[in-house]
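Beneath this line is the structure, given in structure tokens, with notes to follow.
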Amino acid sequence: MSERFQALLVEHEAAFTVAVKQVSMEDLPPGDVLIRVSYSSVNYKDGLAGTPDGKVVKSYPFIPGIDLAGHVVSSADERFHEGQPVLATGYGIGVSHYGGFSEYARIPAEWAVPLPEGLSLREAMI
């Protein structure tokens, strides 16, 4: 697994910027489940997160994306295992917790849901 990966990073230092940048695993917030993100949809809140006066993001830098679907890379929670397809939406994802517009996301286990049988990762985000 690469230590550095791409994510859509929203920054608001000297200027407000939104760009795909290299980030590291250490940049991700704490959580029990590390997910290799395959899909994330685009929602109204994501649009707001990408504007300087959107009033959604409270601290910067930030990775938007209020939902995600992918495969578990590692888990500290026995409910999830490596390679398992999962999805996550809601809670603080993409609002107060780094979101799905990234190759990897780390979230609390309570936010992850095993992908329902018969549903693809792509369909879950449609």
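The values are calculated or read from the model by the stated rules, or taken from the named source; none is laboratory data. Keep in mind it's a predicted model, so treat the numbers as computed, not measured. Ideal geometry is used to build each Cβ from the backbone, glycine not excepted, and the neighbour counts take in all protein chains shown. Ligands, DNA and RNA are stripped out before the accessible areas are found, and what is left, the full protein with its side chains, is counted by its heavy atoms. Shrake-Rupley method; radii C 1.70, N 1.55, O 1.52, S 1.80 Å.
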From the options S102, S59, S96, residue that is touching a residue at least 40 places away in the same chain (Cβ under 8 Å) and of a type in the set (G, A, S): S102
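Given the options V42, V95, name the one that is surrounded by fewer than 17 Cβ atoms within 10 Å (Cβ to Cβ), within 20 Å of M125 (Cα to Cα) and of a type in the set (A, V, I, L, M, F, W, C).
Exactly one of V42, V95 is surrounded by fewer than 17 Cβ atoms within 10 Å (Cβ to Cβ), within 20 Å of M125 (Cα to Cα) and of a type in the set (A, V, I, L, M, F, W, C), namely V42.
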Odd one out for H12 among (1) touching a residue at least 40 places away in the same chain (Cβ under 8 Å); (2) in contact with a strand residue (DSSP E or B) (Cβ under 6 Å, 6 or more places away or on another chain): (2)
Filtered residue count, segment 21-69, keeping only those that are over 21 Å from G83 (Cα atoms), modelled with pLDDT of 95 or more and among the basic types (K, R): 1
Residue within segment 58-66 that is in a strand (DSSP E or B), open to solvent by less than 40 Å² (accessible area, probe 1.4 Å), touching a helix residue (DSSP H, G or I) at 6+ places or on another chain (Cβ under 9 Å) and within 14 Å of M125 (Cβ to Cβ) present: no
Residue in segment 67-88 that is least open to solvent (accessible area, probe 1.4 Å), counting only those that are without any contact (Cβ under 8 Å) to a residue 24 or more places away in the chain and within 20 Å of F5 (Cβ to Cβ): G83
Segment 24-46, residues that are over 17 Å from P64 (Cβ atoms) and basic (K, R): R36
Pair list, Cβ < 7 Å and 6+ apart or interchain, from segment 28-47 residues that are of a type in the set (V, I, T) to residues that are at pLDDT 95 or above and assigned to a helix (DSSP H, G or I): V33/A109
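Yes/no matrix, rows are residues, columns are (1) of a type outside the set (D, E); (2) in contact with a Ser or Thr (Cβ under 8 Å, 6 or more places away or on another chain):
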{"site": "E3", "(1), (2)": "no, yes"}
{"site": "L34", "(1), (2)": "yes, yes"}
{"site": "P61", "(1), (2)": "yes, no"}
{"site": "I66", "(1), (2)": "yes, yes"}
{"site": "S75", "(1), (2)": "yes, no"}
{"site": "T89", "(1), (2)": "yes, no"}
{"site": "V95", "(1), (2)": "yes, no"}
{"site": "I107", "(1), (2)": "yes, no"}
Single residue of segment 1-29 satisfying the filter (open to solvent by 90 Å² or more (accessible area, probe 1.4 Å) and among the hydrophobic types (A, V, I, L, M, F, W, C)) that is farthest from G99 (Cα to Cα): A14
Selected residue (criterion: farthest from A124 (Cα to Cα)) from residues of segment 6-39 that are of a type in the set (A, V, I, L, M), over 15 Å from the mean Cα position of the chain (by Cα) and in a loop (DSSP other than H, G, I, E, B): A14
Candidate set from segment 73-126 (those that are of a type in the set (A, V, I, L, M) and in a loop (DSSP other than H, G, I, E, B)); member that is farthest from I63 (Cα to Cα): L119
